[in-house]
1. Add -39500 (n - 2.57) for each DSSP H run of 4 or more in the chain, then divide by its residues: what number comes out at 222 nm, to the nearest 500 deg cm²/dmol?
2. With charges only on Cβ, +1 for K and R and -1 for D and E, what is the dipole size of the range 114-329 about its Cα centre, in debye, rounded to 20?
3. ³J(HN,Hα) across the range 79-87 via Karplus (A = 6.51, B = -1.76, C = 1.60, θ = phi - 60°), whole Hz, x for Gly/Pro?
4. Which FRET efficiency value, to the nearest 0.05, do you get for ALA238 and PHE341 by plugging their Cβ-Cβ distance into 1/(1 + (r/R0)^6) with R0 = 25 Å?
5. Given the Cα-Cα distance of ARG421 and ASP401 and 0.36 nm per residue of separation, how much length would full extension add, in nm?
6. Amide H neighbours of GLY333 under 5 Å, at least 5 residues apart or on other chains, H built in the peptide plane: list them.
7. Per 0.36 nm of contour for each residue apart, how much would the distance between LYS31 and SER361 grow if the chain were fully extended, relative to their Cα-Cα spacing?
8. So which GluC sites (Glu not before Pro) in the range 168-253 are both in a DSSP loop and have at most 15 other Cβ atoms within 10 Å of their Cβ?
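Nothing in this text is a laboratory measurement; each read-out follows from the coordinates by a stated rule. Source: prediction; values computed, not measured. Backbone-built Cβ (ideal geometry, glycine too); neighbour counts: all protein chains shown.
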Amino acid sequence: MAVVGSESNPLRVAIIGSGPAGFYTVSNFMKMKDLHVEMDMYDRLPTPYGLVRAGVAPDHQKDKSVIRAYEKSAAYAGFRFFGNVEYGSDIHLDDLKKHYHQVIFTTGSPFDRNLGIAGEDLNGSHSATEFVAWYNGHPDFADRKFDLSQENVVVVGMGNVAMDVARILCKTHEELAVTDMADHALKVLKQSKVKNVYILGRRGPAQAAFTPPEIKEMGEFAEADVNILAAEAKLDGASQTMLDESQDRNTLKNVTFVQDYAVRVNQHKPRQLHIRFLVSPVELIGEAGDVQAVKMIKNELYTDDRGSLKARATATEETIPAGLVFRSVGYRGKPLPDVPFNESWGTISNDQGRVVDANGSAVSGMYTAGWIKRGPSGVIGTNKTCAQETVGLMAEDLAQDGHFQPVDTDPAAIEALVRSRQPDLVSYSDWKKVDAAELAAGEASNRPRVKVSNVDEMLELIRG
C-alpha cells in the first residue's frame, strides 16, 4: 500500500470540535502542499465555529470576521463537517481508530470554575458562561432564566468575559438591538431593571486580565457611568516597580484607562458601573433561597518567594446588596471518554499537543489543540499558533508511522456509520442553509443576523 499522506492513500484526520482551534488545524494542514490530507470535523451542535458564534459578544462583530477564514478552510476539497454528532455518544474512539490515522481533540473549556464560597448555590448565582451562551443563542442555554428585575448585579472576575457580561448589562436596548444577540435575550434585557453593576477583582489594575479595548469601551456607554475608587486605582509600590521595569504596553494602557476613570466626573446616568480592585467575595448572603448580598473582604498585595505578586486578605470587610451574581473566575475542560485527562488543570493530558497517558508516554494517533490543550488563555488568534504546534507534531509523527492502523479509510464508510447512528447529521452545506436564513432575517431587520437558537428549528430549515 502507498505511504500514508500520498495522493492514493491520504492521511485521514478526525477533528473533534469546530471552534477556532479546529479550523486552524485544517488551515495548518492545508499549508502542507506535499501532504495529502482528508479531514472530518465533528461537533455536537449543528452549527460550526464554537465560541466565535456562541461566545464572542454580539456587540463585537469585528471579532467574528475570522469566520471568513474558516469558510475558506471549509471549502478545502478534503474537508467535511459532521454537525449534530456527539463524540462519546454518536461516535466513539474505537470507531475513529477504524477509519482515521489520527484524531485531534479541540473541544475547548466549557465549564466554569466555582468560587468555593458559602451561598454559591443560591438562586440568582450563575456562571458567566451560562449568561453569555444565553444571550448568544446557544441551544443548550436558550431556555435559561435570569432575574433582571434586580437593581444590583455583581460580576466576579476581571477577564474579558466578565467585562462582556458587565457591558451587556450596562448597554441600552437601542445599543443591543442592532447586534446579532438572540431575540429571546433582547426581549428580556429590554425590560431590565438593573441600575448598578459591580465588577470585583482580587488584585489591582496592573494584574487585571482584561485587554485595553475591553476597558476602554467601559467609558463609552450611552446611559451608564463608570466608577473606580481613587485608592483602588493607585498602584502599590511593587506593582509600579514591575510595570516600570516591564513597560508592558497592554498593562500600561489598562492602568491608564483605570486611573482616568477614577478622576472622571460622574454624569449621573441611569446605570452605574462600579469596577472594584483588591476585593474578594467570601460569602453570598441569601434569604428564602435567593441571593440578597455579597460579602467581600479587602485584599492587599505581597511578593511571594518567587517574586510574584499575590493577593491576601485583610481584616476589612464590606457587603454589597445584590440579587444577581455572575462568576467568571476561570474555566476548565470537559473530560472525554477514553481520553487521558488532567483533573488539576482541567485539560487533556498532553505534551505540547501530543496526548500522553498516566506515565507521560505519548498515545499514538491522539492529539489536542486549543483551550482543552493549554487551558483558557489567549485570544482567538492564539489558537492558530497552538494548532500549528500540534499539526507540526502530527506530521512529524506520521513520518515515523505514529498513527492508528485503520481498517477502512473510505470516506463513505465512516459517513454511513455516523448516519446510521445520527440520521440528522448536518453537513457544511446543510449548515449554510441555516446561515443563509439567519442572514436574510438579519438583513430584513437591519441586523448582522437573527440567530436560530433551537436545534429542531435548524433541522426544519435544513429539511425545508
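1. -9500 deg cm²/dmol
2. I would put it at about 300 debye.
3. 10, 9, 10, 10, x, 6, 10, 9, 5
4. 0.10
5. Full extension of this stretch gives 4.1 nm more.
6. THR347
7. Value of the extension gain: 115.9 nm.
8. Qualifying residues, ordered by number: GLU220, GLU223.
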